[in-house]
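K.L.:
What follows is a structure written as structure tokens; I'll ask about it next.
The values are calculated or read from the model by the stated rules, or taken from the named source; none is laboratory data. What you see is a predicted model, and the numbers here were worked out from it, not measured in a lab. Every residue, glycine among them, receives a Cβ derived from its backbone with ideal geometry; neighbour counts consider all protein chains shown. Heavy atoms of the whole protein, side chains included, go into the accessibility calculation; ligands, DNA and RNA do not. Shrake-Rupley method; radii C 1.70, N 1.55, O 1.52, S 1.80 Å.
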Amino acid sequence: MLMQKFLITVFIVNITTLSFCAPLKIQRIISLGPSITAQLYLLGVQDKLIGCTVYCKIPIAANVNLQKVATAVNVNVEKVVSLKPDLVLATSLTDIKAVNKLKSLGINVVQFSLAHNFEDICGQFIRLGELIDKKKEAEKNVNKIRIQVDNIKKKAKNFSKQTVFVQVGAKPLFTITKEYFINDVIEFAGGLNVAKDAKTGIYNREEVLKRNPDVIIITTMGVTAEEEKKTWYKFNTLNAVKNNRIYIVNSDKFCTPTPINFVVSLEEMINILHK
């Protein structure tokens, strides 16, 4: 369950306001989600970031005094308050009691929810830009990415369709349905997600064998990727096994929903599916 919670955390991207009355100038920001932190860096406001989660990826050259104030779910409310933030950016997994407590103390809180598709990622990025007075920069980035994505989609139309299974968890086996933005990565690259219409991301190997994907992609999140790859190769009736088409991708890039990561992942998916 912890792995699944963390998995969903890095997918979090769309925005829902719980409480926000923006100060005239936001100077001190706390991020409670890895994808939020990544987007703050993309918008060039890392100097205003004063706190984040233990899962947030911070460049080596970044602020060494950046405080770790939360896990995927739990928040050290006292530490957050002591940092005197102008804005706290939470996720849908953030403990609601902590959110309400911060709210009751007069702290501005904006909560983010799950990214379902590419449009959610773009909309969230622009909204985040609005919150931190970087809307023009956000729109410029999104417009550039939209052009790149459209060009890749046009290119993908020239290739034959490949069926794909993406593994993002092992115990239990966890995959991507149409509810996750990675489904757009697959489809925009000319692939067909065999688990698209599953009711839940929890899957079983028997169903994978039944659907017999052309390609299996394993992310490094929450799994020992090389061991999982060896496990799949035991099923020699799978097309992906017979044709040696099992790939490992970096989850920090593939599963963190920012506009730039989306297009990078899309280019990688094109290379995987249409070598």
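K.L.:
Placing +1 at every Lys and Arg Cβ and -1 at every Asp and Glu Cβ, with all other atoms neutral, what dipole size does the range 31-160 have around its Cα centre, in debye to the nearest 20?
P.N.:
It comes to approximately 340 debye.
K.L.:
Let me ask something else. Need one number: the % of Cα-Cα pairs in the chain sitting beyond the 37 Å mark.
P.N.:
16
K.L.:
Relative to the Cα centre, what is the charge dipole magnitude of the chain, using +1 at the beta carbon of each Lys and Arg, -1 at the beta carbon of each Asp and Glu, and rounding to the nearest 20 debye?
P.N.:
160
K.L.:
On a C-alpha basis, how far is the centre of the range 142-181 from the centre of the range 53-102 in Å? Whole number, if you could?
P.N.:
What the calculation gives is 30 Å, centre to centre.
K.L.:
Leaving ligands, DNA and RNA out of it, report the carbon-plus-sulfur percent of the accessible area of the chain at a 1.4 Å probe.
P.N.:
51
K.L.:
For a quick protection proxy, order the peptides 133-140, 112-119, 185-192 by their average other-Cβ count within 10 Å, most packed first.
P.N.:
Ranked by mean Cβ neighbours within 10 Å, highest first: 185-192, 112-119, 133-140.
K.L.:
I've got another one for you. Less than 20 Å apart at the alpha-carbon level, and either on another chain or at least 8 residues along: which aspartates and glutamates does that give for Lys79?
P.N.:
Leaving aside aspartates and glutamates fewer than 8 places away in the same chain, those within reach of Lys79 are Asp47, Asp95.
K.L.:
What accessible area per residue comes out for the range 132-275, rounded to a whole number of Å², with a 1.4 Å probe?
P.N.:
I get 49 Å² per residue for this part.
K.L.:
If you don't mind, there's one more thing I want to ask. List the extent of the Cα atoms of the range 189-270 along each of their three principal axes, largest first, rounded to whole Å.
P.N.:
37, 27, 23
K.L.:
Let me ask something else. So which of Lys154/Lys253; Lys210/Lys253; Lys25/Lys101; Lys103/Lys196; Lys48/Lys153 end up more than 32 Å apart, counting from Cα to Cα?
P.N.:
Beyond 32 Å: Lys103/Lys196; Lys48/Lys153.
K.L.:
Over the Cα atoms of the range 146-202, compute the convex hull volume and normalise it per residue, giving Å³.
P.N.:
71
K.L.:
Given just the C-alpha atoms of the range 126-275, how large is their convex hull per residue in cubic angstrom?
P.N.:
Each residue corresponds to 111 Å³ of Cα convex hull volume.
K.L.:
Okay, moving on. From the residues His116, Thr220, Tyr41, which one has its Cα farthest along the dipole of the chain in the positive direction, the dipole being from +1 and -1 charges on Cβ of Lys/Arg and Asp/Glu about the Cα centre?
P.N.:
Going by the charge dipole, the pick is Thr220.
K.L.:
List the relative contact order of the chain as a percent without decimals, with contacts defined as Cα pairs under 8 Å and 6+ residues apart.
P.N.:
Once normalised by length, the contact order is 19 percent.
K.L.:
Rounded to the nearest 10 degrees, what's the angle between the helix 259-273 long axis and the longest principal axis of the chain, both from Cα atoms, 0 to 90?
P.N.:
Rounded to the nearest ten degrees, it is 10.
K.L.:
When the expected Rg is taken as 2.2 N^0.38 Å, what fraction or multiple of it is the alpha-carbon Rg of the range 70-145?
P.N.:
Working it through for the range 70-145, the quotient is 1.25.
K.L.:
Who wins for biggest fluctuation among Phe174, Phe125, Phe262 in a Gaussian network model of the chain, springs between alpha carbons below 10 Å?
P.N.:
For the chain, modelled as a Gaussian network with Cα springs under 10 Å, the answer is Phe174.
K.L.:
Counting DSSP beta bridges in the chain, what percent are antiparallel, to the nearest 5?
P.N.:
Within the chain, antiparallel bridges account for around 30 percent of the total.
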